[in-house]
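Here the structure comes first, spelled out in structure tokens, and everything after it is commentary.
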Amino acid sequence: MRSIRAAAVGAVTLSLALAATACGGGSSSSGSNDSPKTLTYWATNQGASIAVDKKVLQPELDKFEKQTGVKVKLEVVPWSDLLNRILTATTSGQGPDVLNIGNTWSASLQATGALLPWDQKNFAKIGGKDRFVDSALGSTGVPDKDPAAVPLYSMAYALYYNKQIFADAGISKPPATWDELVADGKKIKAKGKSVLGAEGSNLSENIHHVFVLAKQHGADFFTADGKPDFTNPKVVDAVKQYVDLMAKDKVIPTGDAEYAQNQSVSDFAKGKQAMLLWQSAAANLKSQGMSEDAYGVAPVPVRSGTPGTGTQTNSMVAGINIAVFRNTHNLDGAAKFVKFMTSDAEQKILNTAYSSIPPVKTAQQDPAFGAPATAVLKNTLATSAAALPQVPSESQFETAVGTAVKELFADAAAGRAVTTDSVKAKLEKAQQQMPAA
């Protein structure tokens, strides 16, 4: 289906957008003079391909046009291009009316001033803020400001495991702790199978995993006042633990250091690897021919005990938000479209198609989202997931630290030592790349 925001964070820095806050956002149709009966919508690539997304979305957009008379011009933007496209739109003023964003970008894009703030009046247009679950609202911008976007799809990480490979290795249940995962890995390798898939060249995947591990170590990448704290000893330990799954524990194959979007999912779907840490992967695995009966779903391992709040965090709050450019020429149509996309009926259709969880409370309770595998994701979001830092420099953080982890995986794959000092040096370099407050 996707690796959310896989390698999405590009070379265009947010500082450019911050310098052009006054430029605002998009127009009716990328600068054209279309009538208010037309909206331009940039959707994120949620499915196994852009073609899949168009097949999912176009019938719903046609339905919206029939109901309202407003035509929606759809463009599905690849994750590799999306952030750069959005930042260019914020500086040029030439963008869509409505767009999807990775929820971790909310605070960064909020800081540009280009997105419509969802104050009480705007939320009232779509049924009210209280329709949405708290965990999803926690990734819509800086806590003390009106949200910059509205939750659309919610996701969480889980551990996907191949039932047959586990049975062949004599493993009766999925690992609940990292020590158990490493121990299971030895049994799996003895049977000639690879253990755990990863995507060492995927900056976003790197960030998501080291963020969760930092939480498990009781640390954060930023201080309470929003300053980078990448060389905190517990952060260093967390990053080292993740890279050591390849460098020391040998459960991640060295070839995965070069993997990018969806390559580890493909290996798992083909039975090449026993385990996968992924966001809401069911639709992706199905599209690659893997039967739901062939794998199990469990919470991501923790350091000890069982998942829960605090140091037992086992996922970031993953998901997609829908936003409106502040200077759209069709604010009324844009609000109607957001209301349509977040309606109970559409939430059921779209989140079913993408194996994600509705962030709308009433839609989330639909029996369609009651399967055991889905229950793991819902429980994770409700009890043991944490939002990535909602700070204006979040996108630079993903680039800098994601690249540091990528380079450390490259060291591990090449047989170079990964030490506490080498990890700290990479993180110190990443911290130096962050913008001044």
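Shown for the range 117-209 is the translational diffusion coefficient from the Stokes-Einstein equation, using the Kirkwood radius over Cα pairs, a temperature of 25 °C and a viscosity of 0.890 mPa s: 144 µm²/s.
Do the sum for the chain: with -39,500 (n - 2.57) for every DSSP H run of n ≥ 4, divided by all residues, what is the mean residue ellipticity at 222 nm, to the nearest 500 deg cm²/dmol? Don't jump to the answer; show the numbers that get you there.
Values: 18 runs with 186 residues, N = 437.
The per-residue figure over the chain is -12500 deg cm²/dmol.
Full extension from K429 to K227: what is 0.36 nm times the residue separation minus their Cα-Cα distance, to one decimal in nm?
Working: separation 202, 0.36 × 202 = 72.72 nm, distance 1.51 nm.
Going from the current span to full extension adds 71.2 nm.
Derived scalar couplings between HN and Hα for the range 294-302 equal 7, 9, x, 10, 9, x, 4, x, 10 Hz in order, rounded to whole Hz, by the Karplus curve 6.51 cos²θ - 1.76 cosθ + 1.60 (θ = phi - 60°), x for Gly and Pro.
In degrees from 0 to 90, rounded to the nearest 10, what is the angle of the helix 203-216 Cα long axis to the longest principal axis of the chain? Here the helix axis deviates by roughly 70 degrees.
For H217, H208, the sequence from fewest to most other C-beta atoms within 10 Å is H217, H208. In terms of Cα to Cα distance under 16 Å, which aspartates and glutamates are near enough to K129, apart from those fewer than 8 places away along the same chain? Leaving aside aspartates and glutamates fewer than 8 places away in the same chain, those within reach of K129 are D119, D144, D146, D344. In the chain, Cα pairs under 8 Å separated by at least six residues give a relative contact order of 27 percent. Rounded to whole Å, give me the distance from the Cα center of the range 361-437 to that of the range 76-106. A separation of 21 Å, based on Cα centres. Using only Cα atoms, find the angle between the long axis of helix 420-432 and the longest principal axis of the chain, and express it within 0 to 90 degrees, rounded to the nearest 10. Helix 420-432 sits at roughly 10 degrees to that axis.
Just order 313-323, 252-262 by mean Cβ neighbour count inside 10 Å, highest at the front, would you? Intermediate results must be reported in sequence, preceding the final value.
Details: 313-323: 26.2, 252-262: 20.2.
Listed from highest to lowest mean packing, they are 313-323, 252-262.
Calculated FRET efficiency, D179 and D62, Cβ-Cβ r, R0 51 Å, to nearest 0.05?
E between D179 and D62, to the nearest 0.05, is 0.45.
Note on the range 149-286: with charges restricted to the Cβ of Lys and Arg (+1) and Asp and Glu (-1), its dipole about the Cα centre is near 580 debye. Placing a label point 7 Å from the Cα of A294 along the Cα-to-Cβ line, the residues of the range 158-190 whose backbone N sits under 12 Å from it are 162-165.
With a Förster radius of 45 Å applied to the C-beta separation of T362 and K272, the computed FRET efficiency comes to 0.65. Once the Cα-Cα distance is subtracted from the 0.36 nm per residue extended length, the D144 to K250 segment shows a gain of 33.8 nm.
Derived scalar couplings between HN and Hα for the range 312-328 equal 8, 3, 10, 6, 7, 6, 8, x, 10, 10, 10, 10, 10, 5, 4, 9, 4 Hz in order, rounded to whole Hz, by the Karplus curve 6.51 cos²θ - 1.76 cosθ + 1.60 (θ = phi - 60°), x for Gly and Pro. In this rough spin-label picture, where each label sits 7 Å from Cα along the Cβ direction, the Q120-E75 distance is 3.7 nm. Angle of helix 79-92 to the longest C-alpha principal axis of the chain, folded into 0 to 90 degrees and rounded to 10: 40°.
Give me the one-decimal Kirkwood hydrodynamic radius in Å for the range 243-362, with the sum taken over alpha-carbon pairs. If you can, show how the numbers build up before the last one.
Details: mean 1/r = 0.0564 Å⁻¹.
In the range 243-362 this quantity evaluates to 17.7 Å.
Once you've got the Cα coordinates, tell me which of K234/K429; K191/K424; K163/K186 are over 26 Å apart. Pairs exceeding the cut-off: K191/K424. Three principal axis extents describe the C-alpha atoms of the chain; from largest down they are 65, 48, 33 Å. In order along the range 38-47, phi translates into HN-Hα couplings of 10, 10, 9, 10, 9, 9, 7, 7, 8, x Hz, rounded to whole numbers, per the Karplus curve 6.51 cos²θ - 1.76 cosθ + 1.60 with θ = phi - 60° and x for Gly and Pro.
Coordinate range of the alpha-carbon atoms in the range 32-167 per principal axis, descending: 61, 37, 31 Å. A straight chain from A190 to A382 at 0.36 nm per residue would run longer than the Cα-Cα distance by 65.4 nm. For the range 122-167, the fraction of C-alpha pairs more than 17 angstrom apart is 48%. Starting from the Cα of K63, draw a straight line to each of the lysines and keep only those under 21 Å, dropping any in the same chain fewer than 8 residues away. Straight-line reach from K63, under 21 Å: K37, K54, K55, K71, K73, K125, K336, K339, K348.
Throughout, read-outs are computed from the coordinates displayed, never taken from laboratory work. Everything numeric here is computed off the predicted structure, so don't read it as measured data. Methodologically, a virtual Cβ is constructed for each residue, glycine included, from the backbone with ideal geometry; neighbour enumeration extends over all protein chains shown.
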